[in-house]
Structures are given as C-alpha cells and as structure tokens.
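The values are calculated or read from the model by the stated rules, or taken from the named source; none is laboratory data. Nothing here was measured: the structure is a model prediction, and the numbers come from that model. Cβ placement follows ideal geometry from the backbone for every residue including glycine, while neighbour counts extend to all protein chains displayed. SASA here: full protein model, heavy atoms, side chains in, ligands and nucleic acids out. Shrake-Rupley method; radii C 1.70, N 1.55, O 1.52, S 1.80 Å.
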Amino acid sequence: MESWSVDQVCNWLRQRNLGELVPKFREEEVSGAALLALNDRMVQQLVKKIGHQAVLMDLINKYQQQKCGLESLTHCCETASPKFPQVVSGATHRQMLNSSGPVEQKKYLCSTENEEGLIDHRVLKQKKNLKSFFARYKTLQWTSSYALPDFPYDVKCILAEKKCPDHSMRIRIIEFLQADMTKYLEGSLYPNSQQYNIVVNALLQAYPFLDEDGNGFLLWKRALKDRFKYVRRPIEDDEQVLRNKCKFGHRRGQTRKSSFAENKPDDVQVQVEEEPVHLEGSATDVHIKWLQQEYMKAQRNWKEVDNRMNVTTEIRRKMISDKAPLKDILRLFPFLRCPYQLFREFQLLTHMDIYKKTVEILEIYSENILSLYVVRNNPINIMLQENLKRHTEEDILKYMKMTAACLLLPDVFGDDSSLFAAVNEEVKAVTPVLEVKNPFNVNSCEFALYVEREELAQLDDCTMALAALVAAFHVFDIPCPKRIHRTLNFLESLVFEVRSP
C-alpha cells in the first residue's frame, strides 16, 4: 500500500464502499503512503460523515496490524530456511504478500510451484505456518476488541444495585452474551474455549458480585455453553444435516438414520414428548417429591428441574384437563410459580416463545397505543406524562412508555381493565390478573401475577408480567372472561401470528 498511486487509493475506496470519498481524496492527492500516515485529525478534515471516518480508520489499522504480523512471520521464515528464499523472502513475493489480504495471500502461496509442477514440501510447511498465524491473529484481534454488550434497562438496574439476579434474569444475561458473541464471531455458533473464558472473565470483572463463593466462573461458562448448544440444536436436528452426517460416517447420523427414513421430524418429536406416559406411579412420586424439595432450596439444580418437569408433563396436563384445583397442582409442581417454568410450559404446549413475542409486541405497538385519542385522558396516561418530565434517559423513557402501553391495552379495546391489571389497588378478580404498584417509579415498581386472588409469581417488569398473564390462561386452561376477551384475542393473534390485527 505504501507504493500506491492516488488512482489506486481511489479504486481501493470504491471496493470498500467508500466511493463518496474519492473526489476529496483525489483533490488532496492522497497516495498510499499518505493514506497510511493519516491520523484522527486529518481524517476528520477529509471525511465529513462519522460512519465513514470510523470505517476508514478501522481499515487502515487492520492493514497495519496485518503488515506487522506478516513482517515478523517473514523474518522468522527467512531465519529458519535461508536455502529457500524464493517463497517468502524474495522482494517480488514479499510485495505480493504485503499488498493483498489474508485470503489472497493464502491463494498466492498455494499457487507457488517448483519447476517440475509439484508443490515443494517446504512450501507446504510455509503454508501451514502462515495458516496457523492467521488463525492466532484473528483470535487475538477478537480478544483485544471484545467488550461487554449494552444490557437492557431492567438488567442494568439489577446489576447496578449489585443484587444477585434470579434465574430468569440470568437467562436474559446469557442470551445477550450469546447474541453478542455470535456477532463478534461473524455468525459462528461454535466459539472456542478461550473465547468463552474471555467473555465470562469480562462479565465477572465488570460485576464481581456475580462470582458467587468463587465458583461463579464455572457456572456462567457452563450456562453460556449450554445456551449455544440450545441455539445449535434446531440446526443439528435438521433432517438434511442428519443425512449428511450419516453419509460421512458420523455416529449421531447413523443412530438416527432409520428413524428419519421412516418418520418425519415432527413424528420423532411427538414420540419423545409422549415417553412420560409410560411412567409408573412410584416413579412419578419420586419425581414430584424431588421437585417439591428442590423448590425449597436457595440454590437449585435448574438442569435437573427441567428434566423432571419434562418427565412429568403428561401427569400435569392430565390434572389440568380434569379441572383439578389449582392449589393441588401448585403443591405438586411448585416450579410453575417461577416465570421461567411458566414460559417453558407455554412453549411445550404451543412451540412459541411467549416472552420474546411480548417484547416485540410492546416495542412495536407502544407508541401507537399512547397516541390514541381514547387513552389521552386516562389516569395511567396522565401519570405517565407527569413522570416523563422528570427523566431524560432514553432507556427509562422507553421503559415507562412500554409499561403504560401494557396497562392501557384494555381501555383501547373497551374491555374491563380490572380483569387485566390492578394498579395500586387490591386484586379482586378470580381469573389471572396483574397486580402493579408504582408502575412508573423505577426504584419501587412491583409486578405480580395473581390467580384465584392468590399471588402466583413475582415479575421483574411489564414485559414479563404481560407474557406471564397470557401464558397463565393457556398453561392452567382457564377460560377467558368475556369482559377482557378482545384484549387477549389481540395479544394471542400477535403471539401465534394468526392474522394481521
């Protein structure tokens, strides 16, 4: 790049989607040497848009880092094999390496042949060394550039108060870390052990209180690995993937070959879910007793809880379909009081992620709901407008608007709001209803789900509360009251994507 002319620099800019900068660079006669000598102040004078400034500086920095790495590798190669200078140490070859990207460099080395048309073994060794260098360089670059993601407002509140997060909050933190790692890994779902260590170390350094009794590192790393496995599971169970694994002798593909030859994927899934029907009474009692004892513990084995809840699904669904008293169901299966297990039960029944769908609903519709004339003079809206004047932080304002939109839903459809949420009031409805206290006070707001006038679960925010309300009707098979039917019908049509509301 140091020997590039102004025209070559302009062509390089066009190839990097920076064609808008060409006239200015041509006017200022920026050659390759001048390009590498640019500092932040010069870039600000040359380039007006901040986005273009960032991209340009990033490209220049990456080139310089790659060049430094290649020069050190070339020096090592020259020292190690002085009898074979034509591969790397020749001036022409080095110039070709320096003026191309990593992919082009590998292609160039692959094409180097001796006079007889055969690749020399020393060239293969150089290729292997270069390949391992680029792999290490990419890992180190990811390591040095990684920073924790910007967590959502409710997560930041818990972390700011240095409270030990509950299970549902841990899941949210892990989900954000997994999504952020996937972005840094350019879409890959297979991080290596070093990258897991980097992310967990960054989390515990930023929030030391998450390292419970010195064992937090292993717990967070295990949870992060399990999250990646959960995301990869639909890919690994895909019929085409399994056929390919079977074709190339993969053990998992061979064991599943016969089942996929005879059944569709849905048939296999139904068989797995129906296995608990064959449990005997004594085995069921053992699982239920274990769940009751585990629920009383402060530190719970959530992986085993999931397994035992899966095994007892059929027993639980039969009790609910036979209209057994809710108290008896919760006594046998107390983990249904946990929002995470409530959402998981809903997903087993409907194959829908109710929490994720609820987040999308409130983010899309909150502004439209608050702008409607029918809610303009509503006490909830008036309370919202008064609280909006006291804050300027974007996250807090968004949280308040989503909370207000959630509570105003029944008024939009002309339904009875007392059957939906009791705001700073006593719960009177028998059907699932929300209890909300101080909805716009960030430090003292409380959300809870009530069923049959008894508290079922404490909830973190309006999103989780709305998701739990919709889930409770389905999980416990409770008929929807007519006076709230239109509101719940609107929500269900969005969750199940039945029609355009």
For the range 10-49, what are the residues that are under 41 Å from the mean Cα position of the chain (by Cα), closer than 12 Å to Ile60 by Cα and not in a loop (DSSP other than H, G, I, E, B)? Trp12, Leu13, Gly32, Leu35, Leu36, Asp40, Val43
Got a sec? Which of Phe490, Phe473 is aromatic (Phe, Trp, Tyr), under 25 Å from Phe335 (Cα atoms) and open to solvent by less than 50 Å² (accessible area, probe 1.4 Å)? Phe473
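Inside the range 296-317, can you point out the residues that are outside any helix (DSSP H, G or I) and either within 22 Å of Ala472 (Cβ to Cβ) or of a type in the set (Ser, Thr, Tyr) (or both)?
Matches in the range 296-317: Arg300, Thr312.
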Residues that are open to solvent by 30 Å² or more (accessible area, probe 1.4 Å), without any contact (Cβ under 8 Å) to a residue 40 or more places away in the chain and over 20 Å from Asp150 (Cβ atoms): does the range 167-182 have at least one? no
Output for the range 366-382, where each listed residue is touching a residue at least 24 places away in the same chain (Cβ under 8 Å), part of a helix (DSSP H, G or I) and open to solvent by 60 Å² or more (accessible area, probe 1.4 Å): Glu367, Val374
If you scan the range 37-56, which residues turn out to be within 13 Å of Leu21 (Cα to Cα) and surrounded by 15 or more Cβ atoms within 10 Å (Cβ to Cβ)? Val43, Leu46, Val47, His52, Gln53, Val55, Leu56
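Could you list, in sequence order, all residues of the range 332-346 that are in contact with a helix residue (DSSP H, G or I) (Cβ under 7 Å, 6 or more places away or on another chain), assigned to a helix (DSSP H, G or I) and free of Cβ contacts under 8 Å to residues at least 60 places away in the same chain?
Leu332, Pro334, Phe335, Gln341, listed by residue number.
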